[in-house]
1. Can you confirm whether region 245-267 contains a residue that is crowded, with 18+ Cβ neighbours inside 10 Å, modelled with pLDDT under 80 and either of a type outside the set (S, T, N, Q) or closer than 26 Å to Val54 by Cα (or both)?
2. Take the residues in region 170-185 that are farther than 22 Å from Leu212 by Cα and at pLDDT 90 or above; name whichever of them is surrounded by the fewest Cβ atoms within 10 Å (Cβ to Cβ).
3. Could you please give the count of residues in region 83-123 that are among the acidic types (Asp, Glu) and either in contact with a Leu (Cβ under 8 Å, 6 or more places away or on another chain) or in contact (Cβ under 8 Å) with a residue 60 or more places away in the chain (or both)?
4. Can you tell me which residues in region 126-148 are in a loop (DSSP other than H, G, I, E, B) and under 18 Å from Thr228 (Cα atoms)?
5. Looking only at region 34-92, filter to residues that are β-branched (Val, Ile, Thr) and in a helix (DSSP H, G or I); which one of those is nearest to the chain's Cα centre (by Cα)?
6. Would you check if there is a residue in region 8-27 being surrounded by 18 or more Cβ atoms within 10 Å (Cβ to Cβ) and in contact with a strand residue (DSSP E or B) (Cβ under 8 Å, 6 or more places away or on another chain)?
7. Condition test on Gln268, is it touching a Leu at 6+ places or on another chain (Cβ under 9 Å), in contact (Cβ under 8 Å) with a residue 12 or more places away in the chain and not small (Gly, Ala, Ser)?
8. Among the numbered conditions (1) within 17 Å of Thr230 (Cα to Cα); (2) touching a helix residue (DSSP H, G or I) at 6+ places or on another chain (Cβ under 7 Å), tell me where Met86 comes up short.
Amino acid sequence: MAQGKQALKGRIRSVSATRKITSAMELIANAKLQKQRVQMEKNREYADTLRQMVSQILANNPDSDCVYLKKNQSSRTLTFMFTSDMGLCGAYNANLLRMAQEILDPQDPMIVIGTKGTSTLRQKGFNLIHEPIGSDHVDFYVFNDLADEALNLYVDGEIGKIQILYCQFVNAVTFTPQLLTLLPVSPMEREGREFKVETLFEPGPDEILKSLIPMYVRSLLYSTHMQTKTAEQGSRRVAMESATDNADELIDKLTLQYNQARQAAITQEITEIVAGADAS
């Protein structure tokens with residue numbers, strides 16, 4: 001009985017120590033989430049403006065001969081995939097990796113941002129064409145270089161499509177994997193009905209698109225990165241909050257068991273004392 005009580009007491013101490021860690025990680029993730037969300041919203045305005053400009057030009061010039069809009073014969077698709085460097089963020093990485101294995105061709109080229117995704121996809125035999133890129137140590141200039149690399153492959157006809165696989169930040173508790181096509185431009189953006197007004201472009205629309213579309217691709221890559229980092233912190237906060245709640249429930253359960261064991265030991269001692277007194 002004494003050993004059982006000591007074991008329960010040890011487990012309570014262990015779970016309590018773990019609870020302190022998960023609670024601290026929850027607070028840290030929440031602070032990072034708020035900071036990351038502000039940065040995401042600031043960058044989103046710039047990205048949305050560029051997207052609207054591209055839509056406006058394409059709506060007024062549906063037959064544009066811009067090199068970035070020409071479809072080539074390549075059936076290969078280049079995919080940018082965003083994962084995290086660290087774990088303890090719930091199903092964030094697992095959902096993205098599951099989607100990648102379900103819808104992507106392992107032979108198509110991939111550029112993965114985040115060491116968690118890089119290590120797993122290499123083991124699965126995916127064609128990663130870039131050295132590992134940590135998601136916590138990249139900036140806008142890195143995405144500029146990655147975007148230019150992808151655009152050159154598209155113009156040279158080595159790939160026929162550029163897309164992004166990422167986790168969309170819906171709200172503080174909802175994060176969903178999404179697949180976004182960068183090039184060729186989607187039919188919705190080509191239609192751009194709200195922008196069908198007569199507009200004069202100087203220089204010509206093709207020249208503008210030649211400079212604007214690379215900016216658009218770079219911006220969307222960086223904007224997606226900001227969104228995935230926000231989703232990562234949100235997912236980690238939710239996971240740590242759930243872990244803390246589970247620890248609280250387990251501590252309550254173990255404490256009840258400990259109190260029951262202690263009460264049983266006391267009752268047994270009293271019974272033995274009474275029995276000894278009666279025998280004498």
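The values are calculated or read from the model by the stated rules, or taken from the named source; none is laboratory data. A quick note: this is a predicted structure, and the numbers were derived from the prediction, not measured. Please note: Cβ atoms are built from the backbone with ideal geometry, for glycine as well, and neighbour counts cover all protein chains shown.
1. no
2. Going through the qualifying residues, I end up with Thr176.
3. So the answer is 1.
4. Pro132, Gly134, Ser135, Asp136, His137, Val138, Asp139, listed by residue number.
5. Across region 34-92, the extreme among qualifying residues is Val38.
6. no
7. In short, no.
8. (2)
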